[in-house]
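To start, the structure under review is shown below, and the notes come after it.
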Amino acid sequence: MNPVLVPTNDVNSEHGILVMWFADDGAEVEKDELLAEVETSKAVLEVVAPAAGVLLHTAAKGAEVPLKEPIAFLFDDIAARDAHLAAEQAKAAAAPAGGPRATVKAVQRAKELGVDLATLRLDRLITVKDVESVQPVAEIPDDLPEPLAGAPGRQRILIIGAALGATQVLDILAGSITQQAVAIVDDDTSRWGADVHGVPVVGGTGRLTELFAAGAFDAAIIAIGKSPAVRARFRAACAEAGVPLANAIDPTAKIATDVTLGQGNIICAFCHVATGVKVGDNNFFSAYNSFDHHSVIGDDNATGPSVYTSGKVTIGSRTRFGTGIVIEPDVVIGDDVAVASGAVIVSSVPAEHVVKTKIVTTTVVPLRR
């Protein structure tokens, strides 16, 4: 049994999104055959087969995967793969009576994500895909901090996500005279009770309805920049809870007077949104983005710095752009597309595709004096 690992030198990323499987579960593949693509915050990575064999997926398309763990295994033949699955099922069947039946990998993943397998209520063997499809619910401690009161006359903002994206949103709001961050929620329980730049982390997203009903905040901003799918999921959660989204726009951004702008957008420093541009909801635009005249941008997109479009470009929803990308006029980018850093896009990209760039090796030599 050979593990299939994601090749990466990105020391800043611990997880990635499994964007695409190119080989089906159970397929016979050859050594060095392209199996999958995984997107980190910095790049889109190709995963190839380390050996020939029969493939067993351990993660589903769209799942967030740890970069240090296998996303699949390769077996010498179908019989070996079937024997492995039978052994996994036997281990699951040996679980205490009345407990949920799950594969060993599903049990391990449930522990990582804090998912109680008993809550899945499936009348079959639980898989990793089942575990990754649910949002864990953690018990709420009694000693969590309360949201800040907020200054009179300002829109009180609750931020979703306490990682680096929150610091970017807080920096934007720091100079605002109309908005103030009063609380942060994050489903990582290790962050609960802490603060980010003086704004308390008051629990997880399960508290959205409770806090909004109590009048603790007026609107939310989703401060998650790496995963459009996660942004979309939390936007849906806010809609279900009746929580409105607010825009966070850096004062250095230049937005034309006739721009149509939805809600929940984060527009970082020195961005440019030109005349006639239409922007949907819940987009995260990093610094120095420029969207030229009469472009159309959908919902739940996320970009790195320095993404430039020419005029009349159409960008769908849930797209992920790296850093330093240029898009020519009239190009259409479909939904659920990932674009690697450094790409120059001159023709349209269909939905659910990845735009890759060739990695160039840079040599560092001593300075001659």
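The values are calculated or read from the model by the stated rules, or taken from the named source; none is laboratory data. Since we're looking at a predicted model, the values are computed, not measured. With ideal geometry, Cβ positions are generated from the backbone for all residues, glycine too; neighbour counts draw on all protein chains shown.
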Item checked: The one condition in (1) surrounded by 18 or more Cβ atoms within 10 Å (Cβ to Cβ); (2) within 23 Å of Ile345 (Cβ to Cβ) that Lys312 fails to fulfil -> (1)
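Within the range 50-67, count every residue that is in a strand (DSSP E or B) and modelled with pLDDT of 90 or more.
Quick first cut of the range 50-67, residues in a strand (DSSP E or B) only: 53-57, 64-66.
Now narrow it down to the ones that are modelled with pLDDT of 90 or more: 53-57.
Residues meeting the conditions: 5.
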Check: So which residues in the range 269-313 are under 21 Å from Gln168 (Cβ atoms), out of contact with any Lys or Arg (no Cβ under 9 Å at 6 or more places or on another chain) and assigned to a loop (DSSP other than H, G, I, E, B)?
Finding: Ala269, Gly280, Ser286, Ala287, Tyr288, Asn289, Pro305, Ser306
Note to self: Looking at Asp292, Asp336, Asp330, Asp300 in this structure, which one is within 26 Å of Ala219 (Cβ to Cβ) and among the acidic types (Asp, Glu)?
What the structure shows: Asp300
Item checked: Pick from the range 154-181, criterion under 17 Å from the mean Cα position of the chain (by Cα) and assigned to a loop (DSSP other than H, G, I, E, B), ranking: farthest from Ala239 (Cα to Cα) -> Ala163
Check: Residues in the range 154-169 that are in contact with a Gly (Cβ under 8 Å, 6 or more places away or on another chain) and within 16 Å of Val202 (Cβ to Cβ): how many?
Finding: 1
Next item on the list: Looking only at the range 44-86, count how many residues are over 23 Å from Ala110 (Cα atoms) and among the β-branched types (Val, Ile, Thr).
Entry: 5
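Select from the range 347-358 the residues that are surrounded by 10 or more Cβ atoms within 10 Å (Cβ to Cβ) and more than 14 Å from Met20 (Cβ to Cβ) and write down the one among them that is modelled with the highest pLDDT.
Of the residues in the range 347-358, the ones surrounded by 10 or more Cβ atoms within 10 Å (Cβ to Cβ) are 348-357.
Retained after the next criterion (residues that are more than 14 Å from Met20 (Cβ to Cβ)): 348, 357.
Details: Ser348: 97, Thr357: 80.
So, considering only residues that are surrounded by 10 or more Cβ atoms within 10 Å (Cβ to Cβ) and more than 14 Å from Met20 (Cβ to Cβ), the one modelled with the highest pLDDT is Ser348.
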Item checked: Lone qualifier among Val182, Val199 - being closer than 19 Å to Gly153 by Cβ and touching a residue at least 40 places away in the same chain (Cβ under 8 Å) -> Val199
Next item on the list: Could you please find all residues in the range 314-369 being under 21 Å from Val47 (Cα atoms) and among the β-branched types (Val, Ile, Thr)?
Entry: Thr319, Val337, Val339, Val354, Val355, Thr357, Ile359, Val360, Thr361
Note to self: touching a Leu at 6+ places or on another chain (Cβ under 7 Å) and of a type outside the set (D, E, K, R): which single residue out of Leu45, Leu74 fits that description?
What the structure shows: Leu74
Note to self: Tell me yes or no: at least one residue of the range 265-287 is touching a Leu at 6+ places or on another chain (Cβ under 7 Å), farther than 24 Å from Glu14 by Cβ, buried (at least 19 other Cβ atoms within 10 Å of the Cβ) and charged (D, E, K, R).
What the structure shows: yes
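With respect to Pro70, determine if the residue is in a loop (DSSP other than H, G, I, E, B), surrounded by 18 or more Cβ atoms within 10 Å (Cβ to Cβ), touching a strand residue (DSSP E or B) at 6+ places or on another chain (Cβ under 8 Å) and touching a residue at least 12 places away in the same chain (Cβ under 8 Å). Let's see the steps before the verdict.
Details: in a loop (DSSP other than H, G, I, E, B): yes; surrounded by 18 or more Cβ atoms within 10 Å (Cβ to Cβ): yes; touching a strand residue (DSSP E or B) at 6+ places or on another chain (Cβ under 8 Å): yes; touching a residue at least 12 places away in the same chain (Cβ under 8 Å): yes.
Answer is yes for this residue.
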Checklist line | So Ile221, is it modelled with pLDDT of 95 or more, β-branched (Val, Ile, Thr) and touching a Cys at 6+ places or on another chain (Cβ under 9 Å) | finding: no
